[in-house]
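Accompanying notes for the structure given below.
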Amino acid sequence: IQSNEFTVSVGAYAKLQAILPGEIAAPGTASGVTGTSTPRKVGEAFLFTINAVDNWFNIISSVNGDQITGTSTDLNIVFNPLSGVLSNGTFSFTSTIFQTHGYQTITVIDTNNSFQATSSEVLVLDSNLALDHLTIAPTSISLVAGNTQQFAVTAYNIYNQAITGVDYIWAVTNPTAGSINQSGLFTASTAGTYPQVIKVVGTKNTASSTVYADVVVTSPPVSGGGGGGGIVYTYQLNLTKSASPSISTILMPGNIITYTLSYKNTGNAQLTEVTVKDTVPTGTTYVANSGGVLSDKIVTFNIGTLAADIAGSVSFHVKVNTPEEVNYVINKATIKSAQTVLQESNQLSHGVDPYTFTKTAKDLNGEQLLSGDIILYTLTITNIGVVPTTNIVITDNVPTNTTYVVGSITGTGANASNKNQLKWNVGSLSVNQSVDLTFKVTVNASLSEGVNISNQGSLTSDQLLTKSSSNVGTGGVTVIKIGKATTTEPVKPEPVKPEPGGGFVEIKPVIKPEVVAPKETVVTPEPEVVAPKETVVTPEPEVVAPKETVVTPEPEVVALKDINKKPVLKAVFTPTQTTVQAVMKVAEAINEIRENPVVKAVNKKVITPIATSGAAVGVLPLLPYLGSLNVLQFFLLSFLSMFGVNKRKPWGVVYDSQTQKPIALAVVRMFDKNTFHLMETRVTDRKGRFGFLVQIGNYYITITKPNYVFPSQTVKGKVDGKYQDVYYGENISIQNKEDIIRINVPIDSIAKLKEEKGKGILSIAHYFLVKINTPLLITGIVLALVAAFITPNTHNALVVIIYSFLLYLKKLIIKEERKPWGKIFDIQTKKPLSLVIVQIYKKGYATPKETQITDHTGRFGFLPEQGEYYIVVEKEGYSPWKGENIKVGEEGFVAMDINLINKTNHLT
């Protein structure tokens, strides 16, 4: 028997599929591919294909326009293009791998719906990394006899990648020109022109290469007249950077910044090979052909020869990326010549987008939206910038298919004189200050099911031109949809209050929807209702009691601000004869239980041994000198950690999951969970430490380290030996501005991961101890108290004391932990200062170990190695501050509060 023909359609879009060269898509199979990825050579480009598929790996050709972005487990994989869009369910990257060897994987993300796919491993073969050519800097130089010049050489392979392990031999082809040492330092001697006089030969294995540089040596100038003596020539450059708009302006995505670099030869001698360079700031894009030559995000201006006391300027434009990627656009430039060393300009910093501007829509009938319903719109504006914002004006057009409810507008500066466009003159907002603005509309009659009512507010201020509101949760325009009509009944119209800003007052009937009381809510007839602030009380109001609240007839209703106050109950207890007799009966019953032979036997053979065993387990870690030292130390750490004895550090640590040793030089990246934007990058120190200063939001973290895998596949649970809060890549929710990211991240060594099949008996024992901590403590205390009650003797009292000691120890250990940051304040206003430059120096050194810029709450923090340091704090308009003799211990950090003096206020 043969069935009729039928058609099998593809399923819904369920995931992404990654196809490497050598692999073939195979729908209907377990893995979705056949074949094995072919090994790739370093520097060799290859095609990498992404497919949108269903659960059976069938390609969904109807998927179009979804944004695809590539990432990788290694910094040395480059994608071209960096991102693209799906067309007919597929898209291809051109990928190039620059790591020298090993296995690598590639990951792609569909940013429209968060689907993610990771490729199989591709073996990267060691390409021919032999020496190919050398470069020398400078290539030519003019020197006064007796002066010196440092030359530098770099070796490259055939892929134009810099390589190491090259031996160099420096020489001069004409000794008359001068001499050079084996570090490349040349000393000029006799005046003359010497082409290709500097020679350096590089050798690696059997390959070698040679490069040359030209030198012109001039005689030292001598002053005229009979006074004798020579003229002393000075070589000096100055570079100043400015921006339009100025740094006091807050930028918005899409804004253009014009950087102007002003230079001057402030010496008394001519300079040659003058070059100005400026790196395109993070979070911006260079505007094509706006000035200079762009290469690898560096804009270069070749000034050439610059005579003494001559000045000039160059400029270029950048555009702030959309959406915004950083909170601040920070930038500085450099200048150098053949006669001078590299010098930096002043640093500029612009804040980006100072507001969050959200809008919500709520149908006040609590169910589906119908004609005649009232919609409550709420606009919330928060200043998240670094300075107070001024002259804020909000406008909002009344949505199509609705009518403004007269008298419903609330908020600072509300004005409803125009019934079609509402307006709020909010004025100023200080940093982190928020304001809520509301109004109501009535849905017009006879609207069909499915009609969208859309709306978006607009914000302007002195700090930006315009910003539109964003719907909470979905972003963009706020939309609410008409549902299916149900039976309603007319009710009395709402009372009208005076209209802010003037205007005609109009009364319109409204529709009262069917009201369903919340679960566990008792509504009583006609209670006295006191409305909260800014609430209009209407005749015969609809009264909804709060959840789990019972409203009794004629209750005393308290204003909302007093609702959390608890009544004080007073009672006087006078014992009666009946009460005394009852207490005596209870005491007799308890005594009978204690003297019962069965109870005594159970207590002696069951309860007392169990309680004692629990106490023994608690005491065991306190006796490390008994038995096997390693095993007892393990149980000591496990037991104390399960009771919270390990004090949590105010930083995170990346560590080897097998050895539990910290890992240095691991790259830690923090991403925004909602946008997938890279927020910040840290590199662990020699103790594996890292830390981030974060704002309220949701984040996730990735770890990159050659020959290691993240997340760990061998560690389970939130505690791993001495490490707590173990992290595996899940969401990190920051709900308070004082919260910190304090996680410990195990990563697996690839070599050890393939060798080890299990964790061993000690790890299993530790996991078991951690799991039973709470039941063990509670059960032990209860049994110990029962045993002591039934049989009050020294043994049982000692067990109770041991458990009490463990409780006291746990309470003693859990203390308030210091935050891993300090803050910079204005000494007079006591307000935190943003955009302050904080630099930490090792004692005895003039180069900073690290530089940070404070955020809008004035925070900074360093995790330096053990040693002695000093800090320099600078902000325009304030006196510099220097803190010396800062001693950092083995696991210390630098975080202190610092007060700066405002120069202007101080002078006045």
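The values are calculated or read from the model by the stated rules, or taken from the named source; none is laboratory data. From a predicted model like this one, the values you see are computed outputs, not experimental measurements. We place every Cβ from the backbone using ideal geometry, glycine too, and count neighbours over all the protein chains shown.
If you filter region 819-862 down to residues that are outside any loop (DSSP other than H, G, I, E, B) and of a type in the set (Ser, Thr, Tyr), you find that the one that is nearest to Leu348 (Cα to Cα) is Thr851.
Of all the residues that make up region 1-25, how many are at pLDDT 85 or above and not in a strand (DSSP E or B)? Full working, then the answer.
Of region 1-25, the ones at pLDDT 85 or above are 11-25.
Cutting the leftovers down to not in a strand (DSSP E or B) gives us 11-14, 20-22.
Qualifying residue count, region 1-25: 7.
When Ile392 is tested against the conditions (1) crowded, with 20+ Cβ neighbours inside 10 Å; (2) assigned by TED's automatic domain parsing to the domain that holds Ser246, the lone failure is (2). Each residue in region 317-354 was checked for being part of a strand (DSSP E or B) and over 30 Å from Ser468 (Cα atoms), and 6 of them qualify. Considered as a group, the residues in region 442-464 that are part of a loop (DSSP other than H, G, I, E, B) and within 36 Å of the chain's Cα centre (by Cα) include one that is surrounded by the most Cβ atoms within 10 Å (Cβ to Cβ), and that residue is Gln463.
Of everything in region 421-441 that's of a type outside the set (A, V, I, L, M, F, W, C) and in contact with a Phe, Trp or Tyr (Cβ under 8 Å, 6 or more places away or on another chain), which residue is surrounded by the fewest Cβ atoms within 10 Å (Cβ to Cβ)? Even if it seems obvious, please write down each step before you answer.
Here is the first cut: in region 421-441, the residues of a type outside the set (A, V, I, L, M, F, W, C) are 421, 423, 425, 427-428, 430, 432-434, 436, 438, 440.
Still in the list and also in contact with a Phe, Trp or Tyr (Cβ under 8 Å, 6 or more places away or on another chain): 438, 440.
Numbers: Thr438: 17, Lys440: 21.
It comes out as Thr438.
Just checking, does region 678-694 include any residue being of a type in the set (Phe, Trp, Tyr), assigned to a loop (DSSP other than H, G, I, E, B), surrounded by 15 or more Cβ atoms within 10 Å (Cβ to Cβ) and more than 14 Å from the chain's Cα centre (by Cα)?
At the first step, the residues of region 678-694 found to be of a type in the set (Phe, Trp, Tyr) are 690, 692.
After this cut, where a residue has to be assigned to a loop (DSSP other than H, G, I, E, B) as well, the list is 692.
Filter again for surrounded by 15 or more Cβ atoms within 10 Å (Cβ to Cβ), leaving 692.
Checking the rest, the ones that are also more than 14 Å from the chain's Cα centre (by Cα) come to none.
Scanning region 678-694, I find no residue that is of a type in the set (Phe, Trp, Tyr), assigned to a loop (DSSP other than H, G, I, E, B), surrounded by 15 or more Cβ atoms within 10 Å (Cβ to Cβ) and more than 14 Å from the chain's Cα centre (by Cα), so the answer is no.
Looking at region 679-696, I want the residues that are at positive phi and not assigned by TED's automatic domain parsing to the domain that holds Gly889 and have a partner that is crowded, with 17+ Cβ neighbours inside 10 Å and aliphatic (A, V, I, L, M) with Cβ atoms under 6 Å, at least 6 apart or on another chain. Which pairs are those? Pairs that qualify, where the first residue is at positive phi and not assigned by TED's automatic domain parsing to the domain that holds Gly889 and the partner is crowded, with 17+ Cβ neighbours inside 10 Å and aliphatic (A, V, I, L, M), are Gly688/Val653; Gly688/Val654; Gly688/Ile663.
Suppose we filter Lys875, Lys849 for residues that are without any contact (Cβ under 8 Å) to a residue 24 or more places away in the chain, not hydrophobic (A, V, I, L, M, F, W, C) and not assigned by TED's automatic domain parsing to the domain that holds Asn346; which single one remains? Checking each option against the conditions leaves just Lys849. Against the numbered list (1) part of a strand (DSSP E or B); (2) out of contact with any strand residue (DSSP E or B) (no Cβ under 9 Å at 6 or more places or on another chain), Glu868 comes up short only at (2).
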